[in-house]
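The values are calculated or read from the model by the stated rules, or taken from the named source; none is laboratory data. Note that this is a predicted model, so its numbers are computed, not measured. Here the Cβ positions follow ideal geometry from the backbone for every residue, glycine too, while neighbour counts run over all protein chains shown. Heavy atoms of the whole protein, side chains included, go into the accessibility calculation; ligands, DNA and RNA do not. Shrake-Rupley method; radii C 1.70, N 1.55, O 1.52, S 1.80 Å.
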Amino acid sequence: MEETIEGFVEHIIYRNQENGYTVANLVADGEEITCVGIFQYLNEGENIRAKGSYKKHPAYGRQFSVVSYETVIPQDSQAMERYLGSGAIRGVGAALAARIVRKFGDDTLRIIEEEPERLAEVKGISERKAREIAEQVEEKSDMRKAMMFLQQYGISQTLGAKIYQQYRQDMYSILKENPYKMAEDIAGVGFKIADEIAARIGIHTDSDYRIRSGLLYILLQAAAEGHVYLPKQILLNRAEKLLGVQADYMEKHVMDLAMDRKVTVKELEKTGGEREQIIYASQYYQVELHVAQMLHELNLKDSVNERQVYDNLERIQRAENIELDEKQKNAVLEAAKNGLLVITGGPGTGKTTTINAIIRYFELEGLDIYLAAPTGRAAKRMTEATGYEAKTIHRLLELNGLPEESSGSIHFERNAQNPLEADVIIIDEMSMVDIFLMHALLLAVVPGTRLILVGDVNQLPSVGPGSVLKDIIRSEKFPVVELVKIFRQASQSDIVVNAHKINQGVPVALDNKSMDFFFLRRYDANVIISVVLTLIQKKLPKFVDASVYDIQVLTPMRKGMLGVERLNKILQQYLNPSSPEKKEREHGDGLFREGDKVMQIKNNYQIEWEVRGKYGIPVEKGVGVFNGDTGILREINTFAETVTVEFDECRFAEYSFKQLDELELAYAITIHKAQGSEYPAVVIPLLGGPRMLMNRNLLYTAVTRARKCVTLVGDEKTFYEMENNKMEQSRYTALDVRIRETY
């Protein structure tokens, strides 16, 4: 039976900041009542009127379960004293609250609201403090009203506080006229949330604001698929599906957005000479254009004595006991002659030897050299291969973890105002670098510094938007050295030989006569998983001299019988089974356990890490853990509600339980996530999948992740279908066009 109770909040026992769920002690008619429910905004000392019913909790006894409530303005002097002295008003304690109420009695609230200057009549209150108290009481009252208003539209406490902080009293008019403005102004409010709020408020589906916000949302969503722009017709078709509004009705809104400089409309020549309109979110166009201009500025020619270069190379070859072929020598010469150079080639074609020769050449010239790669693992490999310290690009640019005020984008200490102090910068694994990271890097490189970009153009493209390496090569405006010869040592590896065959579409012999490339034919998903487990637990660790955790399962998909999600649950049971010694934490429909292999699945520029030395003492600190970083979950602290993960290079990072959405199990990972990493052995289950995904590019990337052994388990028909499928999801990028424009 529903009842109404009224009283003052004596003590808040518990509050969940995310959803507003609160347990509070309420004193009503001298009786203490435990109230539970969603309280959007509540302070100790406040008077409330609550509707609900009494329930019996098995552990905590009788509680009043609140369905709805409203704050009641303190009417008498006693209630007012309680409210002012509760700590709700900054700078007013119990003693000062008592003095205020003694002075003004039941008239206290009216005095604060209408004649706040009179508070200065009370001993200990200056005119300035009187104004502050009045402002705070008004602010609390405004915020409470705002929260009540937002509550009608199902807006959570956390989001409500963000909306109020952003707009204050303008909030009411913005919500009634254009709730979509929130998607632009407030972090955490996307188009979908704004659209839900708009629907509850009663805004029409063909509202101008809704269509414009929807179009921008689609362009930003397209970036998550790797696109920098969308052809106009594709944008309108997607908008039609999302918004339920006809495409031709939205044409004028695209032009309005262009007038407001929210989007940029360009024309692009298609094959066959036809021209089509393409639409960028304006900031994406600016970034693409700026990258093209900065590449152009770096592309300086240097006059060098070629004879001298070749003489130095002879000395390097003797000292390092290496033999370079003509292409590799040419790469060193081009590096000496040019401000910008691209070196590309598949596995075993001598990219690392070439990088080493370039480093040694510039060392002889007395130049400062920086090495970097997009991921921690790739940087570690680069360090091992060259003997030179390589950093991630984020660390090279000195990420400080704080978003810039205006744009909300991340901030690097190294930029146009504080460039990198190097003569030569070599970036490896360039296929993984997206347009935004490239932009940040180029801002920190001054013309006159040599920039050498090394990568395999046949790898999968970057996770972020753009196709930077391909577009730079496609522009035909910069020197490119393509290494094609497979070196003798590499040609003894079937991993290398077969990777090149896959790339060229030459059939691979799946006859298991190899020492490092195996295909185990199995045709049932559960049998495949059983074979995968046997390989990881028993066969491969000894074969490649590595731990169980070093062997990586790579799969094309997330969903399905052999998808990442199902595989990880099964592999966790066998590779890290539950035990009384290991703490666990359920999260979503999964589970984390101490000892689990985990991966970060989004860039977090704020999270702090530390490198621990002997006895766990921190020896280095930094910020930022990135999409694709893997580590071991070392500790679950149920008291502090945190988990500690040890990533590569002994970096320890601490996550709150709320941040567990950023982690997932990594016994099996998608081939996309394995980019830039190399493992002693990889196991690849293959059993059909969507044609767009199951392509040559993906198979090639998976096979080239292995250093010592590749084992494919599944259906050879799927293997050959992938090898013959040259379909790649085309990315809408035009960096090559922008580069040609700058020339």
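Quick rundown of the values:
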quantity: Filter result for LEU520 (at pLDDT 90 or above and touching a Ser or Thr at 6+ places or on another chain (Cβ under 8 Å)); calculated: yes
quantity: Test: residue in the range 239-250 that is polar (S, T, N, Q), at pLDDT below 90, over 26 Å from the mean Cα position of the chain (by Cα) and open to solvent by less than 70 Å² (accessible area, probe 1.4 Å); calculated: no
quantity: Qualifying residues in the range 708-741 (those that are of a type in the set (Lys, Arg) and in contact (Cβ under 8 Å) with a residue 60 or more places away in the chain) - the one nearest to ALA490 (Cα to Cα); calculated: LYS708
quantity: Hits in the range 397-419 - residues which are open to solvent by less than 10 Å² (accessible area, probe 1.4 Å) and at pLDDT 90 or above; calculated: LEU397
quantity: Residues satisfying the stated conditions in the range 163-193, i.e. closer than 26 Å to TYR285 by Cα, modelled with pLDDT of 75 or more and outside any loop (DSSP other than H, G, I, E, B); calculated: LYS181, MET182, ASP185, PHE191, LYS192
quantity: The range 591-602 - residue that is assigned to a loop (DSSP other than H, G, I, E, B) and touching a residue at least 40 places away in the same chain (Cβ under 8 Å) and, of those, surrounded by the fewest Cβ atoms within 10 Å (Cβ to Cβ); calculated: LYS602
quantity: Residue match in the range 558-568 (condition: farther than 25 Å from PRO690 by Cα and at pLDDT 90 or above); calculated: no
quantity: Unmet requirement for GLU384, which otherwise passes all of (1) in contact (Cβ under 8 Å) with a residue 60 or more places away in the chain; (2) closer than 30 Å to LEU699 by Cβ; (3) out of contact with any helix residue (DSSP H, G or I) (no Cβ under 9 Å at 6 or more places or on another chain); calculated: (1)
quantity: Pair list, Cβ < 8 Å and 6+ apart or interchain, from the range 333-344 residues that are without any contact (Cβ under 8 Å) to a residue 40 or more places away in the chain to residues that are assigned to a helix (DSSP H, G or I) and among the hydroxyl-bearing types (Ser, Thr, Tyr); calculated: LEU333/TYR310; ALA336/TYR361
quantity: Failed condition for ASP29, given (1) in contact with a helix residue (DSSP H, G or I) (Cβ under 9 Å, 6 or more places away or on another chain); (2) over 24 Å from LYS129 (Cβ atoms); (3) without any contact (Cβ under 8 Å) to a residue 40 or more places away in the chain; calculated: (1)
quantity: Identity of the residue in the range 207-237, within 18 Å of the chain's Cα centre (by Cα) and part of a helix (DSSP H, G or I), that ends up farthest from ARG738 (Cα to Cα); calculated: TYR217
quantity: Top-ranked residue of the range 1-28 - restricted to ones that are among the charged types (D, E, K, R) and open to solvent by 90 Å² or more (accessible area, probe 1.4 Å), ranked as modelled with the lowest pLDDT; calculated: GLU18
quantity: Selection count where residues are assigned to a helix (DSSP H, G or I) and touching a Leu at 6+ places or on another chain (Cβ under 9 Å), scope the range 100-126; calculated: 7
quantity: Single residue of GLY624, GLY628 found to be of a type outside the set (Phe, Trp, Tyr), at positive phi and not in a loop (DSSP other than H, G, I, E, B); calculated: GLY624
quantity: Residues of the range 642-697 classified as farther than 26 Å from ALA379 by Cβ, assigned to a loop (DSSP other than H, G, I, E, B) and open to solvent by 20 Å² or more (accessible area, probe 1.4 Å), total; calculated: 7
quantity: All positions within the range 675-709 that are at pLDDT below 90, on the phi < 0 side of the Ramachandran plot and out of contact with any Asp or Glu (no Cβ under 9 Å at 6 or more places or on another chain); calculated: SER677, GLU678, PRO690, LEU693
quantity: ASP596 vs. criteria closer than 27 Å to PRO374 by Cα and modelled with pLDDT of 90 or more; calculated: yes
quantity: All positions within the range 630-641 that are modelled with pLDDT of 90 or more, over 18 Å from ILE601 (Cα atoms) and not charged (D, E, K, R); calculated: ILE636, ASN637
quantity: Number of the condition not met by LYS56 [criteria: (1) without any contact (Cβ under 8 Å) to a residue 12 or more places away in the chain; (2) surrounded by 14 or more Cβ atoms within 10 Å (Cβ to Cβ)]; calculated: (2)
quantity: Members of the range 84-104 found to be open to solvent by 40 Å² or more (accessible area, probe 1.4 Å) and within 13 Å of ALA130 (Cα to Cα), listed by number; calculated: ARG90, GLY91
quantity: Whichever residue in the range 105-124 is open to solvent by less than 80 Å² (accessible area, probe 1.4 Å) and touching a residue at least 24 places away in the same chain (Cβ under 8 Å) and, among such residues, is farthest from SER77 (Cα to Cα); calculated: GLY124
quantity: All positions within the range 698-717 that are assigned to a helix (DSSP H, G or I) and buried (at least 18 other Cβ atoms within 10 Å of the Cβ); calculated: LEU698, LEU699, TYR700, THR701, ALA702, VAL703
quantity: Pair list, Cβ under 8 Å, 6 or more apart: the range 166-179 residue open to solvent by 50 Å² or more (accessible area, probe 1.4 Å), other residue part of a helix (DSSP H, G or I); calculated: GLN166/MET182; GLN166/ASP185; ARG168/ASP142; GLN169/ASP142; TYR172/PHE149; LYS176/ILE201; GLU177/TYR209
quantity: Test: residue in the range 149-156 that is closer than 30 Å to ALA97 by Cβ, more than 24 Å from the chain's Cα centre (by Cα), without any contact (Cβ under 8 Å) to a residue 60 or more places away in the chain and in a helix (DSSP H, G or I); calculated: yes
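For every residue, the table says whether it meets (1) under 25 Å from GLY628 (Cα atoms); (2) modelled with pLDDT of 90 or more; (3) in contact with a His (Cβ under 8 Å, 6 or more places away or on another chain).
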{"position": "ALA335", "(1), (2), (3)": "no, yes, no"}
{"position": "ILE343", "(1), (2), (3)": "yes, yes, no"}
{"position": "LEU367", "(1), (2), (3)": "no, yes, no"}
{"position": "LYS380", "(1), (2), (3)": "yes, no, no"}
{"position": "THR383", "(1), (2), (3)": "yes, yes, no"}
{"position": "GLU389", "(1), (2), (3)": "yes, yes, no"}
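To keep it simple, each residue is scored yes or no on (1) in contact (Cβ under 8 Å) with a residue 60 or more places away in the chain; (2) open to solvent by 10 Å² or more (accessible area, probe 1.4 Å); (3) of a type outside the set (Lys, Arg).
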residue	(1), (2), (3)
HIS253	no, no, yes
THR271	no, yes, yes
LYS301	no, yes, no
GLN328	yes, no, yes
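For every residue, the table says whether it meets (1) within 24 Å of SER493 (Cα to Cα); (2) buried (at least 18 other Cβ atoms within 10 Å of the Cβ); (3) out of contact with any Gly (no Cβ under 8 Å at 6 or more places or on another chain).
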| residue | (1), (2), (3) |
| --- | --- |
| ILE528 | no, yes, no |
| ILE536 | yes, yes, yes |
| LYS539 | yes, no, yes |
| ASP545 | yes, no, yes |
| LEU554 | yes, yes, yes |
| GLN572 | no, yes, yes |
| SER579 | no, no, yes |
| LYS583 | no, no, yes |
